[in-house]
1. Restricted to segment 179-227, and to residues that are more than 15 Å from Arg279 (Cα to Cα) and of a type in the set (Lys, Arg), which residue is modelled with the lowest pLDDT?
2. Identify all residues within segment 200-218 that are within 14 Å of the chain's Cα centre (by Cα) and surrounded by fewer than 24 Cβ atoms within 10 Å (Cβ to Cβ); write none if there are none.
3. For segment 192-201, give me each residue that is under 13 Å from Gly217 (Cα atoms) and part of a strand (DSSP E or B).
4. Just checking, does segment 295-306 include any residue being in contact with a His (Cβ under 9 Å, 6 or more places away or on another chain), within 19 Å of Ser360 (Cβ to Cβ) and not β-branched (Val, Ile, Thr)?
5. Where residues in segment 106-138 are touching a Phe, Trp or Tyr at 6+ places or on another chain (Cβ under 9 Å) and among the small types (Gly, Ala, Ser), which of them is least open to solvent (accessible area, probe 1.4 Å)?
6. Restricted to segment 157-191, and to residues that are of a type in the set (Val, Ile, Thr) and assigned to a loop (DSSP other than H, G, I, E, B), which residue is most open to solvent (accessible area, probe 1.4 Å)?
7. Go through segment 286-340 and tell me which strands (runs of 3 or more DSSP E), entirely inside it, have 1 or more residues that are touching a Cys at 6+ places or on another chain (Cβ under 9 Å) and crowded, with 24+ Cβ neighbours inside 10 Å.
8. Looking for whichever is open to solvent by 30 Å² or more (accessible area, probe 1.4 Å) and among the aliphatic types (A, V, I, L, M) here; the options are Ile230, Ile221. Which one fits?
Amino acid sequence: MNNNPLSRRSFVRLLAVAAPAAATAMCAPAQTAATPSATASVPSASSVPTAAPAAIVGAARPAVIRSFGPNGTHWPAHTPWIKDTVTTTVEVACTWAAIRTALLAVTASKAAAGVHIKVRPGTLPGLGASSGSKAVLQGLGSAQWSKNVLVSPRDGWGSVIITEPARLREVYGVTFARINGVDVLMTNCTRSAWAQSTMSEGLSMASSYGATTRECGAYEIVMSNAKADISDPLGYAAGADCVLTDSVWDGCYSAPVFRPTGASDHVDTIQMYGSGWYRGLTVRDTTFFGSLNCALQIGGMRSDDPNKGTPFLTLDHSIITSQATAIRARYPKPANADAPKLAQALNGIGEDFQLYAKDSYIFGSMYRSKWGGVSNTKVSYAEAATRNPVASGRWTYDSSMDSWGASQFDALVPTPTDAYLKSIWK
């Protein structure tokens, strides 16, 4: 058995397991934002709100407002809301040691009654976010707790920052919220989540050391600044003899990553990959702008996958774009970066007829893949009907999407500036 975890920087080197490259290429009621023109309209069959209005968040847990990115209402259901009154509140110093001590004191009965660990203002170090990095927290919590323990800043979003890449390993049943970071790797963190935080380089979920990892969550994780780099910012990876499944990116947002001139790396915004068995990823209420290769690289299924025949990927009310679209709509290409050669939004094949899309937009081409169900989803790819067959439903081709610019995207998803995030994460 190969017990080595996977490095986020090894995405493009795992050619044996990654899919082939494309041959071508709140308490307040929902607010209704202005919508694009009728010829380039938002999918409306589900009659959900389409923009991402800033929620008015009071003491009570907000009702989820459907959106294409963060709006302050996406939060793990198994975690106390940040303003809930819980039985156990613990205030700790801004150190990993203090957080660890507080988590060690949690029992199943305390977790069930609600535990909120509040971290005083400050900075937390990191020890690296690669497969070989020492974890800042390890061997804590329980996936059997009926509620997650909440760890958040005492003084609100922006008051606690992880200043270096950091890795968590085997931390179960814990939700870290409103703690900003550089790059976080969650290894074998079943039932754990990260919520309502910014990351300057990314966040990844991994299953390693022969583990089965389930129910990881990323809720309103934002990487809003485009950059030139060689690394995929977001990852979903299973090592040899490992399972990663039933996890979600919900209400998230990522700007594109441009490849620096002179580099040869293949860059995706989020990549599913590994020599193990990965599937069961849901991307909901999220916008991923495409990096050089694509926004979403879904890889492919191994024939011995123990979960074969279950959903591999679900796109639910999300926007996936090529880098060409990102450049046109919101993120001009940096002078020191390569221009994309493919107008590709989605790459990889996943598992035949275990891919699903609803109420979504896909701007750009898709690698040949077979979909189990598609409803109310618009594509700019004229060949989707023939290259991406659907068992139930159909793609809605809209040629006008190729000319969408800033105004149409602004109507769907606000740029998540610090001012915007401060207004919704309060």
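1. Lys227
2. Filtering segment 200-218 down to residues within 14 Å of the chain's Cα centre (by Cα) leaves 200-206, 215-218.
Once the filter is applied, which keeps residues that are within 14 Å of the chain's Cα centre (by Cα) and surrounded by fewer than 24 Cβ atoms within 10 Å (Cβ to Cβ), segment 200-218 yields Ser200, Glu201, Glu215.
3. Of all residues in segment 192-201, those under 13 Å from Gly217 (Cα atoms) come to 192-197.
Of everything in segment 192-201, those that are under 13 Å from Gly217 (Cα atoms) and part of a strand (DSSP E or B) turn out to be Ala193, Trp194, Ala195, Gln196, Ser197.
4. First pass over segment 295-306, keeping only residues in contact with a His (Cβ under 9 Å, 6 or more places away or on another chain): 297.
Now drop any that are not within 19 Å of Ser360 (Cβ to Cβ), which leaves 297.
Keeping just the survivors that are not β-branched (Val, Ile, Thr) gives 297.
Taking every residue of segment 295-306 in turn, at least one turns out to be in contact with a His (Cβ under 9 Å, 6 or more places away or on another chain), within 19 Å of Ser360 (Cβ to Cβ) and not β-branched (Val, Ile, Thr).
5. Once the filter is applied, the top-ranked residue is Ala111.
6. Thr163
7. On the way: elements: 294-297, 313-316, 319-321.
Once the strands (runs of 3 or more DSSP E) in segment 286-340 are filtered for at least 1 residues that are touching a Cys at 6+ places or on another chain (Cβ under 9 Å) and crowded, with 24+ Cβ neighbours inside 10 Å, what remains is 319-321.
8. Working: Ile221 fails: open to solvent by 30 Å² or more (accessible area, probe 1.4 Å).
Of Ile230, Ile221, the one residue that is open to solvent by 30 Å² or more (accessible area, probe 1.4 Å) and among the aliphatic types (A, V, I, L, M) is Ile230.
The values are calculated or read from the model by the stated rules, or taken from the named source; none is laboratory data. In this text the structure is predicted, and so the values were computed from the model without any measurement. Ideal geometry is used to build each Cβ from the backbone, glycine not excepted, and the neighbour counts take in all protein chains shown. To get the accessible areas, we keep the full protein, side chains included, count just its heavy atoms, and leave off ligands, DNA and RNA. Shrake-Rupley method; radii C 1.70, N 1.55, O 1.52, S 1.80 Å.
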